[in-house]
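Here the structure is laid out as structure tokens; the discussion comes afterwards.
Read-outs throughout are calculated quantities, based only on the coordinates presented, and are distinct from any laboratory measurement. Because the structure is a prediction, the values reported are computed rather than measured. Every residue, glycine as well, gets a Cβ built from its backbone with ideal geometry; the counts of neighbours run over all protein chains shown.
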């Protein structure tokens, strides 16, 4: 039996067909849904849990300066006068001097300033009045001056300077020798208080009452 003879063009066509089939092989399988989006699992989208600072507790903040050091304590301010050492000025009476030696007061007498030995003090009013009341001698040495308060039993309680007026408070009782001793006793206290405080006027309270009221009963 005679095989059909193939022409050269047909032989070349079959060869080309087989060659293409060998190069490409069988068709590849269609990709599945899991392999179609591999990037979804490789780089997931960040969620809110990736930023823990948004939910950090307030205690994570640094402590304030108030907790690092205690508040400063204000030092007390001293209101007292500076301590000093100086003589005290005390006034006595020059009887019948008619203002020749100092300011004139009732009965034609004069007020004369005297000084003590240097004294250490902060408030000069108390020591000055105290020195006057502590003198229990009528005659002031050989000066001719007189202390009409020498028999009185008086104690200095305190004083207050209000503007140009000094007010002193005494406790106790007066013991005077006559009517003319009333302006003398008052002047001794007032002039001594003014010299000690630098005031230009003075008020004297005895047992809480004005001196004029107390001495008016004598």
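Between rounded, prolate and oblate, where does the stretch 124-218 land on the alpha carbon gyration tensor, with a ≥ b ≥ c its root eigenvalues, rounded for a/c under 1.5, else prolate if a/b exceeds b/c? All intermediate terms of the calculation are to be shown ahead of the outcome.
Working: a/c = 1.68, a/b = 1.24, b/c = 1.35.
Oblate, since a/c reaches 1.5 and b/c is not below a/b.
Which percentage, to the nearest 5, of the DSSP beta bridges contained in the stretch 85-215 is antiparallel? Walk me through the numbers on the way to the answer.
Numbers: 23 of 29 bridges.
That works out to approximately 80 percent antiparallel.
Between the stretch 174-218 and the stretch 81-116, how far is it from one alpha carbon centroid to the other, in angstrom?
Between the Cα centre of the stretch 174-218 and that of the stretch 81-116, the gap is 14 Å.
Tell me the label-point distance for the pair residue 98, residue 160, using the 7 Å Cα-to-Cβ offset, in nm and rounded to one decimal.
4.3
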